[in-house]
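A.B. asks: Have a look at this one before I ask anything.
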Amino acid sequence: MRNLATLCFASLLALGSTANATERREHGAHAHGHAELRAILDEGALAIEIEAPGADIVGFEHLPKSDADKAKVAAARATLLDAERMFRLPAAAGCALDDATAAYETLEEAGHAAFHAAYQWTCAAPGKLDAVVVRYFEHFPATEELDAEIVGPSGQSARELTATENRFRF
């Protein structure tokens, strides 16, 4: 099932993110205060990905050089890796985390770096996954909104998530 989630997520990225990637290239850079979230639910496989400018998370976008910068990146990465701190899933869905990754990487845009985090769960009762609460804003308040692309049993949708409107449904 994990390979299925990876395949489906790759499809979502290819279909849904092509326009966003083109838009970013045309504008020349990503926008501070705005991050991206992509989520897919396919049968019992749930995958969520977040990409955010470094400035929104640690206050800078260069690769860390000082010990203080390295500590900020390490702390942010630890927070991003903690899926329970980042998301609240309905207990009735019986979702178990399979994998979580988080990295701070340079982008093609000169001088910019961003965080990329990815999560995969297996859900025993995916039909009970009626809403996902995104707790990202509690930890990274410099982000004003997450542009969310969501694919699930009812189709594909897009919406903006904020600190006060922080839930999405499949």
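A.B. asks: How large is ³J(HN,Hα), in whole Hz, for each residue of region 88-100 in order, when computed from phi with the Karplus curve 6.51 cos²θ - 1.76 cosθ + 1.60 and θ = phi - 60°, using x for Gly and Pro?
C.D. replies: Going residue by residue, I get 10, 9, x, 4, 4, 6, x, 8, 10, 5, 9, 7, 9 Hz, with x marking Gly and Pro.
A.B. asks: Give a quick list of GluC sites (Glu not before Pro) in region 92-170 that DSSP marks as loop, anything other than H, G, I, E or B, with at most 10 other Cβ atoms within 10 Å.
C.D. replies: Sites meeting the loop and neighbour criteria: GLU108.
A.B. asks: From the alpha carbon gyration tensor of region 82-162, can you work out the equivalent ellipsoid semi-axes (sqrt of 5 times each eigenvalue) and give them in Å, largest to smallest?
C.D. replies: Rounded to whole Å, the semi-axes are 25, 15, 13.
A.B. asks: Here's another thing I want to ask about it. Can you compute the equivalent ellipsoid semi-axes for region 30-170, i.e. the square root of 5 times each eigenvalue of the Cα gyration tensor, sorted largest first and rounded to whole Å?
C.D. replies: They are 27, 15, 13 Å, listed largest first.
A.B. asks: Can you give me the C-alpha center-to-center distance between region 127-145 and region 30-91, rounded to a whole angstrom?
C.D. replies: So the two Cα centres are separated by 11 Å.
A.B. asks: What does the charge dipole of region 30-170 about its Cα centre add up to, to the nearest 20 debye, if the Cβ of each Lys and Arg holds +1 and the Cβ of each Asp and Glu holds -1?
C.D. replies: Approximately 480 debye in magnitude.
A.B. asks: In nm, to one decimal, how far is the HIS32 label point from the GLU105 one, both placed 7 Å along Cα→Cβ?
C.D. replies: 2.4 nm
A.B. asks: Let me ask something additional. Using 7 Å Cα-to-Cβ label points, what is the ASP82/ALA96 separation (nm, one decimal)?
C.D. replies: Those two pseudo-labels are separated by 2.3 nm.
A.B. asks: Another question about this same structure. Around PRO64, with a cut-off of 10 angstrom between Cβ atoms, what is the net charge of the other residues, counting Lys and Arg +1 and Asp and Glu -1?
C.D. replies: +1
A.B. asks: Let me ask something additional. Stretch ARG169-SER66 to full length: gain in nm at 0.36 nm per residue minus the Cα-Cα span?
C.D. replies: 33.0 nm
A.B. asks: Taking only protein heavy atoms and a 1.4 Å probe, what accessible area per residue, in Å², does region 28-118 have with all protein chains in place?
C.D. replies: 44 Å²
The values are calculated or read from the model by the stated rules, or taken from the named source; none is laboratory data. What you see is a predicted model, and the numbers here were worked out from it, not measured in a lab. Here Cβ is always computed from backbone atoms with ideal geometry, including for glycine, and neighbour counts include all displayed protein chains. In case anyone asks, the SASA skips ligands and DNA or RNA and just uses the protein heavy atoms, side chains included. Shrake-Rupley method; radii C 1.70, N 1.55, O 1.52, S 1.80 Å.
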